Amino acid sequence: MSVNVTVGEKSYFPEIEKINYEGPDSLNPLAFRYYDENRVIAGKPMEDHFRFAVAYWHTLGGTGADPFGPGTHVLPWLYGADSMTIARNKLDAAFEFITKLGAPFYCFHDRDLAPEGGNVAESEKNLRTLVGLAGEKQEASGVKLLWGTANVFSHPRYMNGAATNPDFAILTHAAAQVKSAIDATIALGGGNYVFWGGREGYYSLLNTNMKRELDHLGMFLQKARNYGRKAGFTGTFLIEPKPMEPTKHQYDFDTATVTGFLYKYGLADDFKINIENNHATLAGHTFAHEVQTAVNAGLLGSLDINQGDPHNGWDTDEFLTNLYDAVELMLVLLQHGGIGKGGMNFDAKTRRSSTGAEDLFIAHISSMDTLARALLIADDILQNSDFLKMKRARYSSYDAGAGADFEQGKFNIDQLAGLAAEYGEPKQISGKQELYQQLINRYIK
Ligand code: XUL
Ligand code: CO
């Protein structure tokens, strides 16, 4: 898509021009080498394979602060006379950044867009004001909202959780926020609405009634779904799994856990899953594993495409640059129909010591290029190698004869045991993992 670069009177990124595709030989760090939005691969333009979305919180709000020190990134839009002026400046900066980058979507939490007020009504008013302004920006630029969400984890009132808080009064505040965040998402035409269970989990079972908390979460999500549908939200609700951090035991541990939860609480028709790579790492899974698990359940919703560090146990939210992981991801997506109405939200921050505006652009460009390059490689593998043939052949004993009859449900356990006696000891068949790995590496060029 071609977005209109709209720079108001004041530019926050005066040194950065619109980022263009220059091809693999380009040495310009502020150009795409692989991401060519209109190039058609496997039947659709690259843009539709990814539906890239800028994460408002990291990209516009990430100061580089960590538990050991305050922020190092000077973000000029975060300075202003009052919190609403800052929110307006931030919106200007957001749309200048998004349009210069050429990302078609963005994502936000309610509190990223507008500040919390002194009470529920004031907070809602602040959000409505910013939603009005964001709508104008969307209209002028062609940029769209991939998803909205409510931040019901940062405010100290949520220290014991939001929908799973033992105190009912806190749950009602979470409801107020979710209600107006859903309204905001509808008003801005968002295709999805996300629930990341920020502090929905626990540290110690000694003070926690886990069953009751999970029932509250299920009930809360049913009511939020009912509200959204009644208010005209036709998109997909998404749950974003994470196994730990901030709590020791996050309830939405991983894709498999969330799948069970959605079925148990009657939510599987309206909800899908938003999978984040770094959260997969924390759960001891690969991104591809999580995506395949969601595909199997028909619940793949959207992706947060960052990366973590396999050597430590926290959420580092780095920009995705690991080509090998990206290839595995794109192999799964290409084989299973792609990202659909979801997208790829960066949910990543530049490092504390990457202090320039240029770094912010390079980080996004580099991730987009990694995924675009991975798409080309994965498509090449699927079109031109024996990969699929080898994988199919591995299961060929189920394609005909007794194996096919088994898949049709024609045998009971007695009959299967009878066949074992008849077959005798089967001859060894190699799984050939190293051959597959060799093949993938051959196509990474
Ligand atoms: C936190 C995280 C969130 C969600 C949205 O780990 O990933 O930013 O994506 O609330
Ligand atoms: Co995320």
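Looking at (1) among the β-branched types (V, I, T); (2) within 14 Å of ligand 1 (Cβ to nearest atom); (3) open to solvent by 30 Å² or more (accessible area, probe 1.4 Å), can you tell me which one T286 breaks?
Going through the list (1) among the β-branched types (V, I, T); (2) within 14 Å of ligand 1 (Cβ to nearest atom); (3) open to solvent by 30 Å² or more (accessible area, probe 1.4 Å), T286 breaks only (2).
Only one residue in T149, T129 is closer than 29 Å to S366 by Cα, modelled with pLDDT of 95 or more and either surrounded by fewer than 21 Cβ atoms within 10 Å (Cβ to Cβ) or of a type outside the set (G, A, S) (or both). Which one?
Unique residue meeting the criteria: T149.
Quick test for you: out of N306, N296, N312, N277, pick the one residue that is away from ligand 2 (no atom under 14 Å from the Cβ), modelled with pLDDT of 95 or more and not hydroxyl-bearing (S, T, Y).
Selected residue: N296, the only one of N306, N296, N312, N277 that is away from ligand 2 (no atom under 14 Å from the Cβ), modelled with pLDDT of 95 or more and not hydroxyl-bearing (S, T, Y).
For L323, are the conditions met, namely being within 16 Å of ligand 2 (Cβ to nearest atom) and either in contact with a Lys or Arg (Cβ under 9 Å, 6 or more places away or on another chain) or open to solvent by 30 Å² or more (accessible area, probe 1.4 Å) (or both)?
Here the answer is no, as L323 does not meet what is asked.
Looking at (1) away from ligand 1 (no atom under 16 Å from the Cβ); (2) surrounded by fewer than 19 Cβ atoms within 10 Å (Cβ to Cβ); (3) assigned to a loop (DSSP other than H, G, I, E, B), which one does H73 not meet, given that it meets all the others?
Going through (1) away from ligand 1 (no atom under 16 Å from the Cβ); (2) surrounded by fewer than 19 Cβ atoms within 10 Å (Cβ to Cβ); (3) assigned to a loop (DSSP other than H, G, I, E, B) one by one, H73 breaks only (2).
Working only within region 152-189, note down all residues that are farther than 24 Å from S204 by Cβ, open to solvent by less than 30 Å² (accessible area, probe 1.4 Å), away from ligand 1 (no atom under 14 Å from the Cβ) and small (G, A, S).
A176, S180, A184
Suppose we keep only residues that are at pLDDT 95 or above and of a type in the set (D, E, K, R) within region 1-31. Which one would you say is most open to solvent (accessible area, probe 1.4 Å)? It would help to see each step written out before you state the result.
Step one: filter region 1-31 for residues at pLDDT 95 or above, giving 11-31.
When the remaining residues are screened for being of a type in the set (D, E, K, R), the result is 15, 17-18, 22, 25.
Working: E15: 162, E17: 138, K18: 71, E22: 98, D25: 141 Å².
By that ranking, first place goes to E15.
Any chance region 227-240 includes a residue that's in contact with a Leu (Cβ under 8 Å, 6 or more places away or on another chain), open to solvent by less than 40 Å² (accessible area, probe 1.4 Å) and more than 16 Å from ligand 1 (Cβ to nearest atom)?
no
From Y265, Y251, Y203, grab the single residue that is in contact (Cβ under 8 Å) with a residue 40 or more places away in the chain and within 16 Å of ligand 1 (Cβ to nearest atom).
Y251
Among the residues in region 319-329, are any in contact with a Leu (Cβ under 6 Å, 6 or more places away or on another chain), among the polar types (S, T, N, Q) and on the phi < 0 side of the Ramachandran plot?
Looking through region 319-329, none of the residues is in contact with a Leu (Cβ under 6 Å, 6 or more places away or on another chain), among the polar types (S, T, N, Q) and on the phi < 0 side of the Ramachandran plot.
So that you can scan it fast, the table gives a plain yes or no per residue for (1) open to solvent by 60 Å² or more (accessible area, probe 1.4 Å); (2) under 19 Å from A174 (Cβ atoms); (3) not in a loop (DSSP other than H, G, I, E, B):
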position: K211; (1), (2), (3): yes, no, yes
position: K223; (1), (2), (3): yes, yes, yes
position: E245; (1), (2), (3): yes, no, no
position: D252; (1), (2), (3): no, yes, no
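Give the residue that is nearest to ligand 2 (Cβ to nearest atom), with candidates limited to residues of region 348-361 that are open to solvent by 10 Å² or more (accessible area, probe 1.4 Å) and closer than 21 Å to L303 by Cβ.
Checked region 348-361; the qualifying residue nearest to ligand 2 (Cβ to nearest atom) is K349.
Please find, among D48, D92, the residue that is farther than 24 Å from L303 by Cα, open to solvent by 30 Å² or more (accessible area, probe 1.4 Å) and away from ligand 2 (no atom under 16 Å from the Cβ).
D92
Of the conditions (1) free of Cβ contacts under 8 Å to residues at least 40 places away in the same chain; (2) in contact with a helix residue (DSSP H, G or I) (Cβ under 8 Å, 6 or more places away or on another chain), I413 satisfies every one except a single condition; which number is it?
I413 satisfies all of (1) free of Cβ contacts under 8 Å to residues at least 40 places away in the same chain; (2) in contact with a helix residue (DSSP H, G or I) (Cβ under 8 Å, 6 or more places away or on another chain) except (2).
The values are calculated or read from the model by the stated rules, or taken from the named source; none is laboratory data. Computed from a predicted model, the values in this text were never measured in an experiment. Glycine also receives a Cβ, built like all others from the backbone with ideal geometry; neighbour counts cover every protein chain displayed. Please note that ligands, DNA and RNA were not included when accessible areas were found on the heavy atoms of the full protein model with its side chains. Shrake-Rupley method; radii C 1.70, N 1.55, O 1.52, S 1.80 Å.
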